[in-house]
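Student: One structure, pasted below without further comment.
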Amino acid sequence: MSKTVLVGDDSVQMDLFSLNLKAYVGTETIILDSAEKLRMFLELDTSIDLIITHDKIDIEPTAQKIHTLLQKKKLSVPLCVIGPKDGTIKCERFLPKNVDIKELIKTVARIFDITAKDMIKQSVGDYYPVPISFFSRMNIPVCDVFLRLNASDGDYQYICKFKAGNDLDSKLLGEYQKKGIANLYVPSISRLKFTNNLSEQTIEILKSATVTPDSRISTADVAMNLMVDELESVGLTENTAELANNCINSIQKTIKEYPKLNNLLERLLNSPESWLYKYCQILTFVSHHIIDNSDWGSDEQKEKISFVVFFQDIAFMTKKLNPEKLAPIHSKEEFMNASLEKNESNVVLQHALMAADLVREFNRAPMEADVIIRQHHGSYNGVGFPDSISHNISHLAQVSVIAQSFTREIMKINDINTFISTDVIKKLKIKYPTHRLGKIVNNLSTLKF
């Protein structure tokens, strides 16, 4: 097995690079956070096949130092640098600062002379896990579906429960869910075929004129989670973009189907849909209401805020993180009191910037959507939480700040009768005392419960 060293201080990005390179290229990865750590590593082990590094880490010229180190040790290890081209560095390839997973995988595969066929064979073992909720909107699977059992020898045994081309047994699926089974499995070689088919069926349901309001919600939740799974696996593609757009459209249609907030809350608060989908749906509802009750409001603004809300917390939707724990953090005080792991802290502080960088690659993104996402906690640069919200940030970013604070209070309840909106609005007026923010808070008083 080849060995790749990743050098960078963004633990979330490094973990994501590592996960995908192991899965798709089959290379062992070692993560280090400085040129000095690499120097120490090479004192013990020089049997590495590739180094991927950021051009700089903080103020350290990391790539330049690694280039010098390799020359000094006379090691002919291929070097890839994430950053602008530098003629003084001998490098296999320079990659853009916002390099996506798909481009990284292609680059490494080319260096190791690995074909797409090779990647499919080794990508994720013999079987690939699929969240059981994804099957709720599928009628007929395009490949066999397996249940994983613990074998007596400590290994796993995979038993085929649903045959390709046959109707899924919804009763049996329900029994598995009641037992707490989180995943079913498909053959890894069929994963792309399965994923594409599931995407097509999900999009078809979301586009259907006959889909019920209840079904639209559960399908949009599946679509949102499926889109994130695709983003993690292969990056932003036409398929993930279509899933995102259909999910955003569906969220907006749901608002029209549930014109009173209490009806929407009755459907969502104790339902099985994911926490972040429910938060996104309610936050979009609240944001639309604020815009509808502003003298500057328009359908274009509602379209824009719907896109922003959908993507602004997308960084929390990875398998390693808990959105319900991280997304509600909205201040320095809450951040300090949250007892977070290092990787959680990094994502919380940088999630706005990460999401803004992602949507810049999105061809259909509304104008300035990345700016609003970057500022959705009131920070200009998309990092951390400011002590106060500046009136100079985008007006829709200010709407987002207020709508988030209101929605976060809603997400704390299990019974809509315990939510006293007037009390929450009073607290928000104290928290956001400026005239402009106060006007936005006042628009919440006309919400229909």
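The values are calculated or read from the model by the stated rules, or taken from the named source; none is laboratory data. What you see is a predicted model; the values in this text were computed from it and never measured. Don't worry about glycine lacking a Cβ; one is built from the backbone with ideal geometry, like all the others, and counts go over all protein chains shown.
Student: Quick one: V81 ticks every box in (1) modelled with pLDDT under 85; (2) part of a strand (DSSP E or B) bar one, so which box is it?
Tutor: With (1) modelled with pLDDT under 85; (2) part of a strand (DSSP E or B) applied to V81, the lone miss is (1).
Student: Within 26 Å of N442 (Cα to Cα), of a type in the set (K, R) and either part of a helix (DSSP H, G or I) or in contact with a strand residue (DSSP E or B) (Cβ under 7 Å, 6 or more places away or on another chain) (or both) - does that describe any residue in the range 409-422? Quick ask: steps written out before the conclusion?
Tutor: If we filter the range 409-422 for residues that are within 26 Å of N442 (Cα to Cα), which is where we start, we get 409-422.
From the residues that got through so far, the ones that are of a type in the set (K, R) too are 412.
Filter once more, keeping what is either part of a helix (DSSP H, G or I) or in contact with a strand residue (DSSP E or B) (Cβ under 7 Å, 6 or more places away or on another chain) (or both): none.
No, the range 409-422 contains no residue that is within 26 Å of N442 (Cα to Cα), of a type in the set (K, R) and either part of a helix (DSSP H, G or I) or in contact with a strand residue (DSSP E or B) (Cβ under 7 Å, 6 or more places away or on another chain) (or both).
Student: Name the helices (runs of 4 or more DSSP H) wholly within the range 294-406 that hold at least 1 residues that are in contact (Cβ under 8 Å) with a residue 60 or more places away in the chain, exposed (fewer than 14 other Cβ atoms within 10 Å of the Cβ) and in contact with a helix residue (DSSP H, G or I) (Cβ under 7 Å, 6 or more places away or on another chain)?
Tutor: Where helices (runs of 4 or more DSSP H) fall fully within the range 294-406 and carry at least 1 residues being in contact (Cβ under 8 Å) with a residue 60 or more places away in the chain, exposed (fewer than 14 other Cβ atoms within 10 Å of the Cβ) and in contact with a helix residue (DSSP H, G or I) (Cβ under 7 Å, 6 or more places away or on another chain), they are 342-359.
Student: Could you list, in sequence order, all residues of the range 39-64 that are within 30 Å of the chain's Cα centre (by Cα) and either part of a strand (DSSP E or B) or within 23 Å of I101 (Cα to Cα) (or both)?
Tutor: Residues satisfying the conditions are L50, I51, I52, T53, H54, D55, K56, I57, D58, E60, T62, A63.
Student: Would a scan of the range 36-44 turn up a residue that is within 27 Å of A356 (Cβ to Cβ) and of a type in the set (F, W, Y)? Can you show your working first?
Tutor: Our first condition is that a residue be within 27 Å of A356 (Cβ to Cβ); within the range 36-44, this holds for none.
Scanning the range 36-44, I find no residue that is within 27 Å of A356 (Cβ to Cβ) and of a type in the set (F, W, Y), so the answer is no.
Student: Further question on the same structure: Can you work out which of the residues in the range 1-27 that are small (G, A, S) and at pLDDT 75 or above is nearest to A315 (Cα to Cα)?
Tutor: Let us first name the residues in the range 1-27 that are small (G, A, S), namely 2, 8, 11, 18, 23, 26.
Subset that is at pLDDT 75 or above: 2, 8, 18, 26.
On the way: S2: 29, G8: 18, S18: 17, G26: 25 Å.
Across the range 1-27, the extreme among qualifying residues is S18.
Student: What's the total number of residues in the range 428-438 that are in a helix (DSSP H, G or I) and without any contact (Cβ under 8 Å) to a residue 12 or more places away in the chain? Can you show your working first?
Tutor: We begin by selecting, within the range 428-438, every residue in a helix (DSSP H, G or I); these are 428-431, 435-438.
Next, only the ones that are without any contact (Cβ under 8 Å) to a residue 12 or more places away in the chain stay: 430, 435, 438.
Of the residues in that region, 3 qualify.
Student: Out of contact with any strand residue (DSSP E or B) (no Cβ under 9 Å at 6 or more places or on another chain) and surrounded by 15 or more Cβ atoms within 10 Å (Cβ to Cβ): does that describe S218?
Tutor: Details: out of contact with any strand residue (DSSP E or B) (no Cβ under 9 Å at 6 or more places or on another chain): yes; surrounded by 15 or more Cβ atoms within 10 Å (Cβ to Cβ): yes.
Yes: the conditions hold for S218.
Student: L172 fails exactly one of the following numbered conditions: (1) within 28 Å of M354 (Cβ to Cβ); (2) of a type in the set (A, V, I, L, M, F, W, C); (3) part of a helix (DSSP H, G or I). What is the number of that condition?
Tutor: The failed condition is (1).
Student: Among the residues of the range 358-413 satisfying the criterion of being acidic (D, E) and at pLDDT 90 or above, which is nearest to D423 (Cα to Cα)? It would help to see each step written out before you state the result.
Tutor: Going through the range 358-413, the residues acidic (D, E) turn out to be 361, 368, 370, 387, 409.
Within this subset, residues satisfying the condition of being at pLDDT 90 or above are 368, 370, 409.
Numbers: E368: 34, D370: 33, E409: 11 Å.
Restricting to residues being acidic (D, E) and at pLDDT 90 or above, the top hit is E409.
Student: Just need a number here: residues in the range 175-200 that are assigned to a helix (DSSP H, G or I), within 20 Å of the chain's Cα centre (by Cα) and of a type in the set (A, V, I, L, M, F, W, C).
Tutor: 2
Student: Can you confirm whether the range 195-204 contains a residue that is of a type in the set (A, V, I, L, M) and surrounded by fewer than 18 Cβ atoms within 10 Å (Cβ to Cβ)? Working first, answer last.
Tutor: First pass over the range 195-204, keeping only residues of a type in the set (A, V, I, L, M): 198, 203.
Checking which are surrounded by fewer than 18 Cβ atoms within 10 Å (Cβ to Cβ) leaves us with none.
No, that holds for no residue.
Student: If you take the residues of the range 111-137 that are part of a loop (DSSP other than H, G, I, E, B) and modelled with pLDDT of 80 or more, which of them is nearest to the chain's Cα centre (by Cα)?
Tutor: Initial filter on the range 111-137 (part of a loop (DSSP other than H, G, I, E, B)): 112-115, 123-126.
Narrowing the set further to residues that are modelled with pLDDT of 80 or more leaves 112-113, 126.
Details: F112: 29, D113: 30, D126: 26 Å.
Selected residue: D126.
Student: To continue, here is another question. Filtering the range 259-283 down to residues that are at pLDDT below 90 and in contact with a helix residue (DSSP H, G or I) (Cβ under 6 Å, 6 or more places away or on another chain), which residue is nearest to T318 (Cα to Cα)? Walk me through it before giving the result.
Tutor: Step one: filter the range 259-283 for residues at pLDDT below 90, giving 269-274.
Right, trim to in contact with a helix residue (DSSP H, G or I) (Cβ under 6 Å, 6 or more places away or on another chain) and you get 273-274.
Numbers: E273: 16, S274: 13 Å.
Restricting to residues being at pLDDT below 90 and in contact with a helix residue (DSSP H, G or I) (Cβ under 6 Å, 6 or more places away or on another chain), the top hit is S274.
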